Amino acid sequence: TQRAAGADVEYSRAHYLLRAELVTSTFRLATIAPALHATAVFAEGRYKFTPRAHAALRLEHLGFNTVTGPARSGTWDAPVSRVELGGGYNLLRNVQLRVAAQHDNRDGGRVHHLTAVSTQLLYWF
């Protein structure tokens, strides 16, 4: 069985927008004595310099509890932390150009650190 709970909060004033969210999940398996816990948290903020231009920052973390076995002890999956910094500019009322850089840290797998840069052109009608 799985149980999950979460909470989020948002605050905005003038040119600022701040958001945060926390989600926790517990898995109970018949074959594993202790429960498996995962917790995700993120916080982000955006600042509008003008009605057309903004900058944003997001911080995220996904963590797991420690499971102890006969041979070793460790988390049941690799924790991940992420930082993302970006900005956007409205070219038209319904066209926005965005650029962002994201850096990930993971305590497992083949890739432990990764930095990616992206661009987006958004159009909506």
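In region 5-34, the residue that is modelled with the lowest pLDDT out of those that are among the aliphatic types (A, V, I, L, M) and exposed (fewer than 14 other Cβ atoms within 10 Å of the Cβ) is Ala33. Just so you know, in region 74-119 the residues that are of a type in the set (Asp, Glu) and part of a strand (DSSP E or B) include one that is most open to solvent (accessible area, probe 1.4 Å), and it is Glu84. Within region 49-64, restricting attention to residues that are crowded, with 17+ Cβ neighbours inside 10 Å and within 19 Å of the chain's Cα centre (by Cα), the residue that is modelled with the lowest pLDDT is Phe64. One residue is enough: does region 59-71 have a residue meeting the conditions closer than 30 Å to Arg98 by Cβ, part of a strand (DSSP E or B) and either without any contact (Cβ under 8 Å) to a residue 12 or more places away in the chain or of a type in the set (Lys, Arg) (or both)? Taking every residue of region 59-71 in turn, none turns out to be closer than 30 Å to Arg98 by Cβ, part of a strand (DSSP E or B) and either without any contact (Cβ under 8 Å) to a residue 12 or more places away in the chain or of a type in the set (Lys, Arg) (or both).
Return the pairs, sorted by first residue and then second, in which the second residue is in a strand (DSSP E or B) and open to solvent by less than 80 Å² (accessible area, probe 1.4 Å), the first residue lies in region 11-35 and is within 16 Å of His54 (Cβ to Cβ), the beta carbons are less than 6 Å apart, and the residues are 6+ apart or on different chains. What qualifies is His15/Tyr47; His15/Lys48; Tyr16/Tyr47; Leu18/Gly45; Arg19/Glu44.
The values are calculated or read from the model by the stated rules, or taken from the named source; none is laboratory data. The shown structure was predicted, so the numbers you read here are calculated from the model rather than taken from an experiment. Glycine gets a Cβ as well: all are built from the backbone with ideal geometry, and neighbour counts include every protein chain shown. Just so you know, the surface numbers come from the protein's heavy atoms only, side chains and all, with ligands and any DNA or RNA stripped out. Shrake-Rupley method; radii C 1.70, N 1.55, O 1.52, S 1.80 Å.
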